[in-house]
1. If the requirement is being surrounded by 15 or more Cβ atoms within 10 Å (Cβ to Cβ) and at pLDDT below 90, which of these qualifies: G109, G99?
2. I'm trying to understand the selection: among the residues of region 118-138, which are in contact with a helix residue (DSSP H, G or I) (Cβ under 9 Å, 6 or more places away or on another chain) and modelled with pLDDT under 90?
3. Residue check: is I58 within 20 Å of I134 (Cβ to Cβ) and of a type in the set (A, V, I, L, M)?
4. Residues that are at pLDDT below 90, assigned to a helix (DSSP H, G or I) and β-branched (V, I, T): does region 1-23 have at least one?
5. Name the single residue, out of those in region 139-149 being surrounded by 12 or more Cβ atoms within 10 Å (Cβ to Cβ) and out of contact with any helix residue (DSSP H, G or I) (no Cβ under 7 Å at 6 or more places or on another chain), that is nearest to I82 (Cα to Cα).
Amino acid sequence: MEIGILTNRCPKVNFGGSSLCDQIGSSSQSLGCISKYDFEKYCVAAMFIAIIFNIVIIVLTILSFIVIRHEKVPLVLAILAIISTLFIFTVVIVYPAKGISTYKDSLKGLGVNASMSMEYSYYLTVFSLILMIIASIVGCLMARESFSN
């Protein structure tokens, strides 16, 4: 069974190409199909907050080339990149730590024994974390350079 950052109400367990809820039918809610857990809500919220910080970074970067000529802009951009990186880092840590055990427990309650693995969306999040770490390092170097001049 594969799990990702954004899950459906029911996991995709391969029963001849259909999901577990398709096999159970409309009574799946009463049988305990997986709904959004608190850690999932936190992970989605943290990802959206990171996206908002990245949009602000892009807007400030564009404005710094066009309008804003302030020496502290690189520092602000570096701080925003670090905050965004921390949000993504918490998702990369929290999601597999809480997700795999939670989903296994839910499926055992349904009488399903499945092996768990992360889906591609989780690996995209890991890749974005790597890019944000690089962006944070470059931002800190730029901020340091702007203050040394």
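1. It is G99.
2. M118, Y122 - these are the residues of region 118-138 that are in contact with a helix residue (DSSP H, G or I) (Cβ under 9 Å, 6 or more places away or on another chain) and modelled with pLDDT under 90.
3. yes
4. Looking through region 1-23, none of the residues is at pLDDT below 90, assigned to a helix (DSSP H, G or I) and β-branched (V, I, T).
5. Result: L141.
The values are calculated or read from the model by the stated rules, or taken from the named source; none is laboratory data. Fair warning: this is a prediction, and the values are worked out from it, not measured in the lab. All Cβ positions, even for glycine, are placed from backbone atoms using ideal geometry, and neighbour counts span all protein chains on display.
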